[in-house]
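Just below is one structure, and these are the notes that go with it.
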Amino acid sequence: MESDNHRDERPSRRISAAAGNHRAAAPAAERGPTGSAARPEEKGRKQGSWKWFWLIAIGVAILLAALAVSGVLGLRHNRQEREDTAKAVQAGAMTVQVVKPSRSPAVFDFSLPGNAEALSTATLYARTNGYLKRRLKDIGDRAETGELLAEIDAPEIDAQLLQSRAQLEQFRAAQGIAQVTFDREKRLLEQKVVSKQEYDQSEAAFNQAVANVKAAEANVQNLTVQQGFEKIIAPFTGVITTRFLDTGALIASGGGSTAPSIYTMVQSDVLRVYINVPQAYVANINVGQEVDVSVSEIPQKVFKGKVTRTAGALDPTARTMRTEIQLPSEGGKLVPGMYLTTRFKVEQAEPALVVPANTVDIRREGPRVALVGADGKVSYRQVKLGRDFGITIEIVDGLHGDEDLVVNPTTDLVEGAKVEIAKAG
């Protein structure tokens, strides 16, 4: 048994020896520093690290090259400006741009929007109850002053007028009898035939009869006026713009929301245009001043109007002044409700100075400008501003017109600083 076991172990030893000889034959390149073979995953990691290293290096090189190119271009683009600045620095002065004030035009114009309105507008209501008997005018019809527009049938008023007239005749007859009696009592009193009491009674009866006649006359006059309200008359020469009732409609006297109106009539031969003039232009608006009025729908036509009145005070909220302009409708070319544009032409006896807006330095103590004197030094001067046109501003006080104003004065530009004026172009 033991001999068999020894025989079985020999082949295993030979196999192990062969395997060891095979490992010894492996190339030295695949061994590690200690002589053991390198693993495949370690080799892959080393190759990946070198790859990222080269990518980062190339990116840094490209970034440095781009920065160098941009720096060179920027230097070339601003070479002239840098040279001027360097010269100024060497001379101990800043470089500034200057501009001189200019005069505003002797004649200028400005435009303002407005709405056209009729010179007169009347809404006609009934002053008596009844039915619309007939209407003689409709929308768009023209009527003259005093012309009949419609009639109202009011039988109650007609009957009351007849009754009051009959009652007036009764009172007049009673007055006649009372007067005869009074005259007789007066003669008899002189003859001492009647007593003073009888005379006084006849006098009182006569006075009452006279008062009754006057009251009846007033009642007749009142009903006559009411009967006159049965006719709707045109208050002025104009055009009917609205009609609300048809023939046979029941009409109640009144106005506003209590009863419907019958007509609306406008006088449109002459139109009013109301505009709101800003505070900056108020001094240039005068009553009687001519104004050009235009409508976008009629671009080839310019209408002539005149300023008829102004409010004489500014709206404290909007800082504008209400102004009225009147102009003819030119045969109906202009109608109430149109949107118009008014243009004012203003002549200035002494045109104001105008400077670029970027030369004005607004401070808490007031606006000022920076001036460059003949000695090249900066000085600041307070000014009073006028109208603001956006890119330019009027100077009404503080300048003579021949000064050199610094454009865009900075906080580094202090009083008395030495500056160099940049060359034009």
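Laboratory data are not the source of any read-out in this text; all were calculated from the coordinates shown. Everything numeric here is computed off the predicted structure, so don't read it as measured data. Glycine gets a Cβ as well: all are built from the backbone with ideal geometry, and neighbour counts include every protein chain shown.
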Item to check | Set of aspartates and glutamates with alpha-carbon distance to Lys51 below 19 Å, sequence-local pairs under 8 removed | outcome: Glu41, Glu42
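Give Lys137/Lys306; Lys100/Lys418; Lys137/Lys333; Lys137/Lys301 a once-over and call out the pairs whose C-alpha atoms are over 30 Å from each other.
Numbers: Lys137/Lys306 33 Å; Lys100/Lys418 19 Å; Lys137/Lys333 22 Å; Lys137/Lys301 33 Å.
Among Lys137/Lys306; Lys100/Lys418; Lys137/Lys333; Lys137/Lys301, the Cα-Cα distance tops 30 Å for Lys137/Lys306; Lys137/Lys301.
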Item to check | Gyration tensor verdict on region 236-302 (Cα atoms; rounded if a/c is under 1.5, prolate if a/b is larger than b/c, oblate otherwise) | outcome: prolate
Checklist outcome for this item: Amide H proximity to Val96 below 5 Å, modelled H, separation 5+ or other chain, gives Glu420, Ile421, Ala422
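What ranking do Lys100, Lys51 get, fewest neighbouring Cβ atoms within 10 angstrom at the top? Kindly include the intermediate steps, with their values, before the conclusion.
Details: Lys100 12, Lys51 9.
Ordered from fewest to most neighbouring Cβ atoms within 10 Å, Lys100, Lys51 come out as Lys51, Lys100.
In whole Å, what three semi-axes, largest first, describe the equivalent ellipsoid of region 210-357 built from its Cα gyration tensor (square root of 5 times each eigenvalue)?
Working: eigenvalues 459, 91, 44 Å².
They are 48, 21, 15 Å, listed largest first.
Can you put Val419, Val273, Val355 in order, fewest other beta carbons within 10 Å first? Don't skip to the answer; put the middle values down first.
Numbers: Val419 20, Val273 26, Val355 23.
Sorted ascending by nearby Cβ count, the order is Val419, Val355, Val273.
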Item to check | Relative intensity, log₁₀ I(q)/I(0), of region 266-347 from a Debye sum that treats every alpha carbon as a point, q = 0.22, 0.25 Å⁻¹ | outcome: -1.05, -1.24
Next on the checklist: Eigenvalues of the Cα gyration tensor times 5, then square-rooted: what semi-axes does that give for region 126-251, in whole angstrom, largest first?
Outcome noted: 52, 13, 8
Checklist outcome for this item: In whole angstrom, the spacing between the Cα centers of region 263-319 and region 354-376 equals 38
Item to check | Neighbour-count order for Met338, Met265, fewest beta carbons within 10 angstrom listed first | outcome: Met338, Met265
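Return the loop-located trypsin sites (Lys or Arg not before Pro) in region 358-425 (DSSP other than H, G, I, E, B) with at most 14 other Cβ atoms within 10 Å of their own Cβ; answer none if there are none.
Working: sites: Arg363, Arg364, Arg368, Lys377, Arg381, Lys384, Arg387, Lys418, Lys423; in loops: Arg364, Lys423.
Passing both the DSSP loop test and the Cβ count: Arg364, Lys423.
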